Amino acid sequence: MQWNATRNAGFSPEGTEPWLPVAGDHETVNVKAQQADPRSMLALFRRLASLRRTCPALSNGSYRPMYTGDDLAQAYLREHEDQRLLVALNFGPEPRRLDLSKAGGKANLLLSTHLDRTGHPDLRELPLRPGEGVLLSLEH
């Protein structure tokens, strides 16, 4: 990730030739430009890093894949002590609805890769947009 929109993207002072080329989109895709955007890739990374620090199931939990019945969708459970998390991913170009009711419990949406969803989705028909991933907390 570039740091800012300057000629060398914040990696080296003006007039210095960086040893690697600067990305062509550095004027718009950089930390400084994304800091104030609550739906930027930087915001997503920060939310994911925070959840990994605060949710033991993500760092220390067991991994159990779930059958989705769809080659372009994946889901799995991460469990640690009393924490149960469900990750559902749509790798396809079309929206999908997954039946993940076998995970059990009431779901609370912790994070969507689009950073625009909250609530308690129905696991019998979990909607996922193209390229979307969600992280859900499950109550026992």
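As a summary of the residue check, residue 73 satisfies the conditions (1) touching a Lys or Arg at 6+ places or on another chain (Cβ under 7 Å); (2) in contact (Cβ under 8 Å) with a residue 12 or more places away in the chain; (3) over 19 Å from residue 113 (Cβ atoms); (4) not β-branched (Val, Ile, Thr) except for the one numbered (3). Residues in region 21-50 that are open to solvent by less than 100 Å² (accessible area, probe 1.4 Å) and more than 25 Å from residue 112 (Cβ to Cβ): 22, 23, 24, 26. Residue 3 falls short on exactly one of the conditions (1) surrounded by 11 or more Cβ atoms within 10 Å (Cβ to Cβ); (2) over 24 Å from the mean Cα position of the chain (by Cα), and that condition is (2).
Taking residues in region 19-45 that are within 10 Å of residue 2 (Cα to Cα) and modelled with pLDDT of 90 or more, and partners anywhere that are of a type outside the set (D, E, K, R) and in a helix (DSSP H, G or I), the pairs with Cβ atoms closer than 7 Å and at least 6 places apart or on different chains are 31/42.
Do we find that residue 84 is surrounded by 15 or more Cβ atoms within 10 Å (Cβ to Cβ), modelled with pLDDT of 95 or more and touching a Leu at 6+ places or on another chain (Cβ under 9 Å) in this structure? Yes, satisfied. Can you tell me which of (1) surrounded by fewer than 19 Cβ atoms within 10 Å (Cβ to Cβ); (2) within 17 Å of the chain's Cα centre (by Cα); (3) farther than 24 Å from residue 38 by Cα is the one residue 129 doesn't meet? Residue 129 satisfies every listed condition except (3).
The values are calculated or read from the model by the stated rules, or taken from the named source; none is laboratory data. Remember, it's a predicted structure, so these values are computed and weren't measured experimentally. Neighbour counts run over all protein chains shown; Cβ positions are idealised from the backbone, glycine included. Just the protein is used for accessible areas: all its heavy atoms, side chains included, with ligands, DNA and RNA removed. Shrake-Rupley method; radii C 1.70, N 1.55, O 1.52, S 1.80 Å.
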